[in-house]
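**Q** Let me give you the structure first, and then I'll get to my questions.
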Amino acid sequence: MRLWMVCHGNICRSPMAAAVTEALLAKAGLADEVQVASAGTSAEHEGEGMDRRAAAALARRGWPVP
């Protein structure tokens, strides 16, 4: 199964959702069953990494930061 998380620029919401989903799938023992990816509907941030504020929000809550 493939699961895509999509937002406008793919620098904050969708990569955050993908990171949390991957962690939850791993915890449930389902990491090998589901492929998780994130994408954007716009190319304006293409090639950029995750927004530093989004990464910090994940880290503050104990989630993995891709």
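**Q** From the residues Ala59, Cys12, Val34, which one has its Cα farthest along the dipole of the chain in the positive direction, the dipole being from +1 and -1 charges on Cβ of Lys/Arg and Asp/Glu about the Cα centre?
**A** Comparing the listed Cα positions along the dipole, Ala59 ranks first.
**Q** Once percent of Cα pairs over 19 Å apart is worked out from the coordinates, which option in [x] 56; [y] 47; [z] 31 does it equal?
**A** [z]
**Q** Put a dot 7 Å past each Cα toward the Cβ at Val65 and His45; how far apart are the dots in nm?
**A** 1.5
**Q** Then there is this: Cut-off 20 Å, label point 7 angstrom out along Cα-to-Cβ of Val20: give me the residues of the range 30-45 whose amide nitrogen falls inside.
**A** It comes to 30-31, 34-41, nothing else.
**Q** Here's another thing I want to ask about it. For the chain, what's the relative contact order in percent, using C-alpha pairs closer than 8 Å and at least 6 residues apart? Please report the intermediate quantities before stating the final value.
**A** Working: 95 pairs, mean separation 29.4, N = 66.
It comes to 45 percent, rounded to a whole number.
**Q** Hey, what angle do you get for helix 13-27 against the long axis of the chain, alpha-carbon based, 0 to 90 degrees rounded to 10?
**A** Orientation of helix 13-27: about 10 degrees from the principal axis.
**Q** Counting only protein heavy atoms, what percent of the accessible surface of the chain is carbon or sulfur at a 1.4 Å probe? Before the final figure, lay out the partial values.
**A** On the way: 2450 of 4560 Å².
Reported share for carbon and sulfur atoms: 54 percent.
**Q** Would you work out the charge dipole size for the chain about its Cα centre, treating the Cβ of every Lys and Arg as +1 and the Cβ of every Asp and Glu as -1, and quote it to the nearest 20 debye? If you can, show how the numbers build up before the last one.
**A** Values: 7 positive and 7 negative charges, 71 e Å.
The calculation lands at about 340 debye.
**Q** Let me ask something additional. Would you calculate, for the chain, the mean residue ellipticity at 222 nm contributed by helices, counting each DSSP H stretch of 4 or more residues as -39,500 (n - 2.57) and dividing by all residues, to the nearest 500?
**A** Values: 2 runs with 24 residues, N = 66.
For the chain, the value works out to -11500 deg cm²/dmol.
**Q** Calculate, for the chain, the solvent-accessible area per residue in square angstrom, rolling a 1.4 angstrom probe over the heavy atoms of the protein chains.
**A** 69
The values are calculated or read from the model by the stated rules, or taken from the named source; none is laboratory data. Note that the structure is a prediction, hence the values are computed from the model and not measured. FYI the Cβ positions are ideal-geometry reconstructions off the backbone, even for glycines, and counts take in every protein chain you see. Only protein heavy atoms, including side chains, enter the accessible area calculation; ligands, DNA and RNA are left aside. Shrake-Rupley method; radii C 1.70, N 1.55, O 1.52, S 1.80 Å.
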